[in-house]
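Before any comments, here is the structure.
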Amino acid sequence: MNRQHQLRCVRSNVALSAEVAGNATRRAEHTGLVNLSGTGCLLEDRNTLAVGDVVFMRFSLPGQSSVETTGRVARRIDNQVGVQFDEMTEATSEKIVRHVVSRRK
């Protein structure tokens, strides 16, 4: 595993708001973003998403423009779902990684 991949996998707890729409409803709901990395995130969920669902997400990092991405629900634990990001630009991934690494100092 190279250093860039290791940095993308570094995860940090966050308290951010996110707009999330699942592939079943396409209706965006506001929810909490619990933790974040360059490869995925953990979201609060009211049992509207299932493992395997594709999600469309938008959230803002403090002091930066909003991030828009898609992902797939990889796991569910109680009222939270783990999302693995798909099709993210390098610039977006870099923005997330910089934010996560800065919070870990």
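What follows draws every value from the coordinates through simple rules; no lab data is involved. Everything quoted here is computed from the prediction, not taken from an experiment. All Cβ positions, glycine included, derive from the backbone under ideal geometry; neighbour counts span all protein chains shown.
Things worth noting here:
- Only Lys, Arg (+1) and Asp, Glu (-1) charged, at Cβ; the chain dipole about Cα centre in debye: 400 debye
- Of the residues V100, L43, P62, the one whose Cα sits farthest towards the positive end of the charge dipole of the chain is V100 (charges of +1 on Lys and Arg Cβ, -1 on Asp and Glu Cβ, taken about the Cα centre).
- Positive minus negative residues near E68 (Lys, Arg vs Asp, Glu; Cβ under 14 Å): -1
- Prolate/oblate/rounded label for the range 9-48 (Cα gyration tensor, a/c 1.5): prolate
- Helices in the chain, meaning DSSP H runs of at least 4 residues, each add -39500 (n - 2.57). Divided by all residues, the mean residue ellipticity at 222 nm is -6000 deg cm²/dmol.
- Debye equation applied to the C-alpha atoms of the chain, log10 I(q)/I(0) at 0.14, 0.19, 0.24 Å⁻¹: -0.48, -0.90, -1.41
- Most fluctuating residue given options R27, R72, R58, as computed from a GNM of the chain linking Cα atoms under 10 Å: R27
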